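A short worksheet on the structure shown next.
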Amino acid sequence: VRATCALWSLPLPEEPAQGWRSLFFELLRPRCDGIYVGECRYVHHIRPGASWDAKLCTKSYHWVDYRRYLRLLPPDPVDGALRALVLRDVCPFTAAVSALLSVDPKTHVNSLQPETSLEKRAHVSNQAHLQNIVAAGTYTWEADRVEVRFANGGDRYRMVFQLMDGHDMRFSGRLEWAQYNMISKHEEEVPFDLGRSRYGGGEAADSQKDHFPPLLVRQCPQLKHLL
């Protein structure tokens, strides 16, 4: 607990009645021992005769699944900077982990090319490709607010999340979208429609698409020392 409070500049609480172990899991802070993952999906409608895929030629639509990955790094021991890595792709978790662990956020140069469509990426998830589309940025954290900033494809983006405990004992393991904006060259912020339900809970308003689901942390053995 003392090391965690020192790392994140948190005040050291008095010894709790329930013990230090319980307090360790109650402290709300970014999780660096894993990667936050959002399971996204949407319905892609198919025009009759538009697909050569035998599995799709008789269908009027199919589901496209992809994921948003966010790795938050601990404060840099030299300059205290909070760095983040962002990836959006159809690749599985293991491939994303490999790419996100192999990119140095200090030296990585973000791609200046616009992102290709997810459908075109379905069969192009090799390591070099994934490393190329990873975006390095920075983040700030205060109480339950996490704000990530990065540049990609020549544009700049700002993502704001609410940090909270997740289900299944995922302490500090859930990031719910609060804002997602693109910042123009003229410093004008253009907001994205997050498509959230008015009833809250991070649920999608449209049952046929969910591009901004909550991100849930998934632990990585390679990062367990950062718990």
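The values are calculated or read from the model by the stated rules, or taken from the named source; none is laboratory data. All of these numbers come straight from a predicted model, not from anything done at the bench. Here the Cβ is made from the backbone with ideal geometry for all residues, glycine too, and neighbour counts use every protein chain on show.
The table for this structure:
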quantity: Residue among Ser172, Ser184, Ser197 that is closer than 19 Å to Cys40 by Cα, in the same structural domain as Leu112 (by TED's automatic domain parsing) and hydroxyl-bearing (Ser, Thr, Tyr); calculated: Ser197
quantity: Unique residue being surrounded by 14 or more Cβ atoms within 10 Å (Cβ to Cβ) and in contact with a helix residue (DSSP H, G or I) (Cβ under 8 Å, 6 or more places away or on another chain) when the list is Leu175, Leu130, Leu216; calculated: Leu130
quantity: Candidates Leu23, Leu10, filtered to the one that is modelled with pLDDT of 75 or more and in contact with a helix residue (DSSP H, G or I) (Cβ under 8 Å, 6 or more places away or on another chain); calculated: Leu10
quantity: Residue check, Gln208 under 24 Å from Trp8 (Cα atoms) and of a type in the set (S, T, N, Q); calculated: no
quantity: Residue in region 175-185 that is out of contact with any Leu (no Cβ under 8 Å at 6 or more places or on another chain), part of a loop (DSSP other than H, G, I, E, B) and not polar (S, T, N, Q) present; calculated: yes
